[in-house]
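Structure below; questions to follow.
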């Protein structure tokens, strides 16, 4: 009697890129790279961790600096508008029967390209002549790009194993720490079916969170390294990554349609 084993599916780069772990790592890397680069070049403006601007606005207000206060607070409605437009775009895509993930990744790639171009256009004048009013148009385009990524993680959550934030790591780091506690508590306890199940569950959660934390750390350190020498040209790296993810998502959406 001959037993036929199921054929192993051939490796697909596009499927790999948008699978959970690589996507978590890459999008987390992009968010922190862009946020750190913008923070350095734009003298303390957050583009991804946008609520951080509230604390900086409070500091500027306490220092009697109304222009800086307004500048930082203006990032909040900009971010909200970006999320609104992204959510509407996702709804429109679903209504048309389009795959949401590639559409939103394409929108983010375009917005990152605009951010880089605007930054290259004005950053030299900003640094040399100290024209603070030029910070606003540069910062707005960066906040829009990261607003799209924030909304993307919610609107395209069905493309992954649930929702996972890629722009703010406090919640992810908290969950990672709790999962470590659960893992070691169960591992060091008397081994029963219940503790074994708890260990297995903790391992799954740790594996989901780890790529986010590593990507976030490497994105920040990468931006800190490249910004002094490349300035806004360094945004070509996150732009390339998001573009590759968009292409991969389109390929997978087409393949899914053909196999349906």
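The values are calculated or read from the model by the stated rules, or taken from the named source; none is laboratory data. Only a predicted model underlies this, so the values are computations on that prediction, with no experimental measurement involved. So basically every Cβ, Gly included, is an ideal-geometry build from the backbone, and we count neighbours across all protein chains shown.
Scan the range 155-203 for residues that are loosely packed, with under 15 Cβ neighbours inside 10 Å and within 30 Å of residue 91 (Cα to Cα) and jot them down.
Residues satisfying the conditions are 157, 158, 161, 162, 163, 170, 171.
For the subset of the range 154-169 comprising residues that are assigned to a helix (DSSP H, G or I) and at pLDDT 90 or above, which member is nearest to residue 73 (Cα to Cα)?
My answer is 154.
Residue-by-condition table, conditions (1) in contact (Cβ under 8 Å) with a residue 12 or more places away in the chain; (2) over 13 Å from the mean Cα position of the chain (by Cα):
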position	(1), (2)
89	yes, yes
97	no, yes
114	yes, yes
143	yes, no
153	yes, no
170	no, yes
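Inspect the range 5-25 for any residue being at pLDDT 90 or above, within 29 Å of residue 232 (Cβ to Cβ), crowded, with 23+ Cβ neighbours inside 10 Å and touching a helix residue (DSSP H, G or I) at 6+ places or on another chain (Cβ under 6 Å) and give the result as yes or no.
Yes: one or more hits.
Now, a different point. Does residue 128 count as closer than 22 Å to residue 45 by Cα, out of contact with any helix residue (DSSP H, G or I) (no Cβ under 7 Å at 6 or more places or on another chain), at pLDDT 85 or above and assigned to a helix (DSSP H, G or I)?
Considered against the rule, which asks whether it is closer than 22 Å to residue 45 by Cα, out of contact with any helix residue (DSSP H, G or I) (no Cβ under 7 Å at 6 or more places or on another chain), at pLDDT 85 or above and assigned to a helix (DSSP H, G or I), residue 128 comes out as no.
Only residues that are touching a helix residue (DSSP H, G or I) at 6+ places or on another chain (Cβ under 7 Å) and more than 19 Å from residue 145 (Cβ to Cβ): list them for the range 45-66, please.
Result: 56, 57, 60, 61.
Can you go through 180, 218, 240, 244 and tell me which one is at pLDDT 95 or above, over 17 Å from the mean Cα position of the chain (by Cα) and part of a helix (DSSP H, G or I)? Step through it out loud before you land on a result.
On the way: 218 fails: over 17 Å from the mean Cα position of the chain (by Cα); 240 fails: over 17 Å from the mean Cα position of the chain (by Cα); 244 fails: over 17 Å from the mean Cα position of the chain (by Cα).
When all the criteria are applied, what remains is 180.
Also, quick follow-up: Can you tell me which residue in the range 45-76 is nearest to residue 135 (Cα to Cα), limited to those that are within 19 Å of the chain's Cα centre (by Cα) and surrounded by fewer than 20 Cβ atoms within 10 Å (Cβ to Cβ)?
Just the residues of the range 45-76 that are within 19 Å of the chain's Cα centre (by Cα), to begin with: 45-53, 75-76.
Retained after the next criterion (residues that are surrounded by fewer than 20 Cβ atoms within 10 Å (Cβ to Cβ)): 49, 51-52, 76.
Numbers: 49: 17, 51: 18, 52: 17, 76: 15 Å.
Top of the filtered list is 76.
Here's something else I'd like to know. State whether one or more residues within the range 34-42 are free of Cβ contacts under 8 Å to residues at least 60 places away in the same chain and in contact with a helix residue (DSSP H, G or I) (Cβ under 7 Å, 6 or more places away or on another chain).
no
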